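Encoded as structure tokens, the structure appears first; notes follow it.
The values are calculated or read from the model by the stated rules, or taken from the named source; none is laboratory data. None of these values were measured; they are calculated from a predicted model. Cβ: placed from backbone, ideal geometry, glycine included. Neighbour counts: every protein chain shown. Calculation scope for accessible area: heavy atoms of the full protein, side chains included, ligands and nucleic acids excluded. Shrake-Rupley method; radii C 1.70, N 1.55, O 1.52, S 1.80 Å.
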Amino acid sequence: MNKKQGVIWPMDHAFNVTLMHFANHHEAALQMFELPEEQEQFTSLPQKAMEVTAGQHRIVIMGDEKPVGFFLLHATDRVKEYSENPQAMLLTSFSINHAEQGKGYAKRGMLFLREFVKAEFPTCNEIVLAVNHKNIPAQKLYVQTGFSDTGKRRMGPIGEQLILSLAI
């Protein structure tokens, strides 16, 4: 339990969490997303991913029927930079709106990822991602939700990145 402003609430109180494909009615809420500077250095805000190319899929994390998080799934040639598996997809641009952080949305969304991918992308059997070695909170989230370190590393725009994998 955490104590916040005198009220005791469960740490993971995000009960109604779902993943869904982006729809136009999500755009206004996604445009309002904000991140603190220390988080924004590691990802991109949803408003920068409104234009996608073939093989890119915008996924919205819904919390209590409103957009609270966002990420991209790639089934493009870019995946080859992270995995030799032809059935892998790449997860990028993961973010939870700052106002919604600390409510369990990120963890619940990532815990639902396997089921979502099985249903929506049945040929996919692996999700890969790169996380900056300095982004410890994100590393902990991904490991807690089933991702494992592949041992591979690559240089990103602000330093070394660990390549993590989730078997589907």
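Computed with a 1.4 Å probe over protein heavy atoms only, the accessible surface of segment 63-168 comes to 49 Å² per residue. Report the percentage of all Cα-Cα pairs in segment 45-168 whose separation exceeds 21 Å, rounded to a whole percent. Of all Cα-Cα pairs in segment 45-168, 36 percent lie more than 21 Å apart. Our coupling estimate for segment 57-73, obtained by passing each phi through the Karplus curve with A = 6.51, B = -1.76, C = 1.60 and θ = phi - 60°, is 10, 7, 10, 10, 8, 9, x, 6, 6, 10, x, 10, x, 7, 7, 10, 10 Hz, Gly and Pro reported as x.
The charge dipole of the chain, taken about its Cα centre with unit charges on the Cβ of Lys, Arg, Asp and Glu (plus for the first two, minus for the last two), comes to roughly 380 debye. Entry note, the chain: the mean residue ellipticity at 222 nm calculated from DSSP H runs of n ≥ 4, each adding -39500 (n - 2.57), is -4500 deg cm²/dmol after division by the residues and rounding to the nearest 500.
Exceedance of the 22 Å cut-off in Cα-Cα distance is limited, within the set LYS66/LYS103; LYS48/LYS118; LYS118/LYS152; LYS48/LYS103; LYS103/LYS140, to LYS48/LYS118; LYS118/LYS152; LYS48/LYS103. Longest segment of the chain with no GluC sites (Glu not before Pro) in a DSSP loop having at most 11 other Cβ atoms within 10 Å? Between exposed loop sites, the widest span is 85-168.
Loop-located chymotrypsin sites (Phe, Trp or Tyr not before Pro) in segment 39-106 (DSSP state other than H, G, I, E, B) with a sparse environment of at most 11 neighbouring Cβ atoms within 10 Å are absent. Ignoring ligands, DNA and RNA, what percent of the accessible area of the chain is carbon or sulfur (1.4 Å)? C and S atoms contribute 51 percent here.
Counting heavy atoms of the protein chains alone, HIS25 has an accessible area of about 150 Å² for a 1.4 Å probe. Taking every protein chain into account, the 1.4 Å probe leaves THR123 with about 110 Å² of accessible area, to the nearest ten. Think of the chain as having a plus end and a minus end, set by charges on the Cβ of Lys, Arg, Asp and Glu; of THR92, GLN31, ASN135, ASN135 sits farthest toward the positive end of this dipole.
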